[in-house]
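Below is one structure, written out as structure tokens; comments come after it.
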Amino acid sequence: MRVLVVEDDPMIGEAVVAGLAADGYAVDWVRDGRSAELSMGTHRYSLVLLDIGLPVQDGIDVLKTMRARKDDVPVLIMTARDTVADRIKGLDAGADDYLVKPFDLDELSARVRALLRRAAGRAEPLIERGALTLNPATHEVRLHGGSVDVSAREFALLLALAERAGSIVSRSQLEEKLYGWNEAVGSNAIEVHVHNLRRKLGESIIRNVRGLGYTLD
Ligand code: CA
């Protein structure tokens with residue numbers, strides 16, 4: 001899952017980015033509305049965390065522009081202005097949820113999970129695919145009921161495949177979901193994660209469709 005953080009405050013930005021990265025998301029961080037527009041033009045994000053008080057272009061304007069071009073990516077607004085009027089303005093401009101600063105990073109994590117779950121059309125917190133169960137809140141993986149230890153990246157890869165079970169996900173789509181801009185991606189990074197997952201979950205769990213990508217069997 002790739003997340004865009006739009007925040008001009010360096011301390012809040014760093015904390016939010018570190019928190020999301022620890023949860024296994026690929027995170028891109030920009031500090032103004034114009035850069036946010038450019039990023040959204042070149043990448044497909046699963047979620048946008050948007051500060052309202054931004055330099056040059058207000059967060060509400062960024063949001064209105066997104067919704068005007070029919071961009072339906074979930075948006076969580078972060079506002080320092082603790083007034084009801086601002087929150088109403090944000091929600092009415094198309095935000096899906098909001099947090100008032102200062103907020104707790106655990107609450108941010110939970111709200112992000114809830115928004116991603118809703119965007120994927122799920123209400124239940126667990127994802128079940130055959131013998132496999134994934135818990136996005138705890139990164140727990142169960143196979144036939146037994147717990148299997150996986151890394152944050154391995155979990156992210158498995159989740160990306162499970163969210164689109166039955167269809168083929170290409171290597172570049174997986175790289176886009178797993179890695180942010182300033183992370184070096186080795187040419188065989190995805191293959192290595194798939195190899196490790198097969199070792200832990202069995203050879204047959206992830207199928208390689210030659211030249212096209214991967215699918216969950
Ligand atoms: Ca700000």
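Nothing in this text is a laboratory measurement; each read-out follows from the coordinates by a stated rule. Predicted, not measured: the structure shown is a model, and the values here were computed from it. Backbone-built Cβ (ideal geometry, glycine too); neighbour counts: all protein chains shown.
Residues that are buried (at least 16 other Cβ atoms within 10 Å of the Cβ), away from the ligand (no atom under 12 Å from the Cβ) and of a type in the set (Asp, Glu) within region 1-36 comprise ASP23, ASP28, listed in sequence order. Could you list all residues from region 138-164 that are exposed (fewer than 15 other Cβ atoms within 10 Å of the Cβ) and closer than 17 Å to GLY202 by Cα? Once the filter is applied, which keeps residues that are exposed (fewer than 15 other Cβ atoms within 10 Å of the Cβ) and closer than 17 Å to GLY202 by Cα, region 138-164 yields HIS144, GLY145, GLY146, SER147, ASP149, SER151. Considering only residues in region 69-102 that are assigned to a loop (DSSP other than H, G, I, E, B) and of a type in the set (A, V, I, L, M, F, W, C), the one that is farthest from VAL16 (Cα to Cα) turns out to be ALA93. Scanning region 166-216 for residues that are surrounded by 15 or more Cβ atoms within 10 Å (Cβ to Cβ), in a loop (DSSP other than H, G, I, E, B) and either without any contact (Cβ under 8 Å) to a residue 24 or more places away in the chain or under 18 Å from the mean Cα position of the chain (by Cα) (or both) yields TYR179, GLY180. Close Cβ contacts (under 6 Å, 6 or more residues apart or on different chains) running from residues in region 30-53 that are farther than 13 Å from LYS64 by Cβ to residues that are within 11 Å of the ligand (Cβ to nearest atom) and assigned to a helix (DSSP H, G or I) comprise ASP51/GLY59. Total residues in region 1-54 satisfying the condition of being part of a loop (DSSP other than H, G, I, E, B) and under 10 Å from the mean Cα position of the chain (by Cα): the figure is 6. Look through region 37-52, keep the residues that are charged (D, E, K, R) and surrounded by fewer than 23 Cβ atoms within 10 Å (Cβ to Cβ), and return whichever of them is nearest to the ligand (Cβ to nearest atom). That would be GLU37.
The number of residues in region 1-41 being within 21 Å of GLN57 (Cβ to Cβ) and among the small types (Gly, Ala, Ser) comes to 6. The set of residues in region 53-85 that are surrounded by 19 or more Cβ atoms within 10 Å (Cβ to Cβ) and within 16 Å of the ligand (Cβ to nearest atom) comprises LEU54, GLY59, ILE60, VAL62, LEU63, VAL75, LEU76, ILE77, MET78, THR79.
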